[in-house]
Amino acid sequence: MKVAIGCDHAGLSLKNEIMPVLDELALEWSDLGTRTEESVDYPDFGEKVSEAVSKGVFERGILICGTGIGMSIVANKFPGVRAALCQEAYSAKMSRLHNDANVLILPGRIINKDTAKEIVRVWFNTAFEGGRHQRRLDKIMTIEKKVKCQ
Ligand code: RB5
């Protein structure tokens, strides 16, 4: 599975903790930045990862900013992206089981590194349940198409 990871300056230190976990999970991943502490604008990095997932270049994405809110707003603008902001493992698990989330958003200034690592492991190790949840995702796709035509 190909995974893109990105962050702003507020998410950098957590991203550095998460990348070794992606190796541990044997994922093929690319870091799309930022790579320094210099202040940057989260929409720039949110766009890089979300656009790549939306276009199918990467199957999954991870985005990290301070609260996770800015990255969530950006990511969910992209067709086919289902981004889930998770602060604990239960939400991460449910976002895969019920929502087939394909972008995981983490809040770098809210959760600690151990919680973040647990979230990442659970998120990649949980499969979509399908069934009635697929019907709901189909409805989201219908909404996306409707909004695009307005
Ligand atoms: C950056 O200071 C901060 O605003 C950003 O990381 C994020 O929390 C925005 O939602």
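The values are calculated or read from the model by the stated rules, or taken from the named source; none is laboratory data. Quick caveat: nothing in here was measured; it's all calculated off a predicted structure. Quick reminder, even Gly has a Cβ in these numbers, built from the backbone with ideal geometry, and neighbours come from all protein chains shown. Note: areas computed on protein heavy atoms with side chains; ligands, DNA, RNA excluded. Shrake-Rupley method; radii C 1.70, N 1.55, O 1.52, S 1.80 Å.
Quickly rank 63-69, 107-113 as a protection proxy: mean count of other C-beta atoms within 10 Å, highest first.
63-69, 107-113
Going out from 0 in 5 Å bins, what whole percent of all Cα-Cα distances in the chain drops into each bin?
Reading the bins upward from 0: 2, 11, 20, 24, 22, 12, 6, 3, 1, 0.
If packing is taken as the average count of other Cβ atoms within 10 Å, what order do 6-16, 82-92 fall into, highest mean first?
Result, highest mean first: 6-16, 82-92.
Taking the Cα atoms of segment 1-88 alone, what are Rg (to one decimal) and Dmax (as a whole number) in Å?
11.8, 31
Averaged per residue, what accessible surface does the chain expose to a 1.4 Å probe, in Å²?
Working: 7840 Å² over 150 residues.
Here the per-residue accessible area is 52 Å².
Report, to the nearest whole %, how much of the accessible area of segment 15-144 belongs to carbon and sulfur atoms, 1.4 Å probe, protein only.
Whole-percent figure for carbon plus sulfur exposure: 50.
List the lysines whose Cα sits under 20 Å from the Cα of LYS77, skipping any in the same chain fewer than 8 residues away.
Within the straight-line cut-off, LYS77 pairs with LYS48, LYS55, LYS139, LYS145, LYS146, LYS148.
Quick check for me: using +1 on Lys/Arg Cβ and -1 on Asp/Glu Cβ, what's the dipole size of segment 50-150 about its Cα centre, in debye to the nearest 20?
For segment 50-150, the charge dipole is close to 280 debye.
Rank LYS139, LYS77, LYS93 by mean-square fluctuation in a GNM of the chain with C-alpha springs under 10 angstrom and give only the top-ranked residue.
For the chain, modelled as a Gaussian network with Cα springs under 10 Å, the answer is LYS139.
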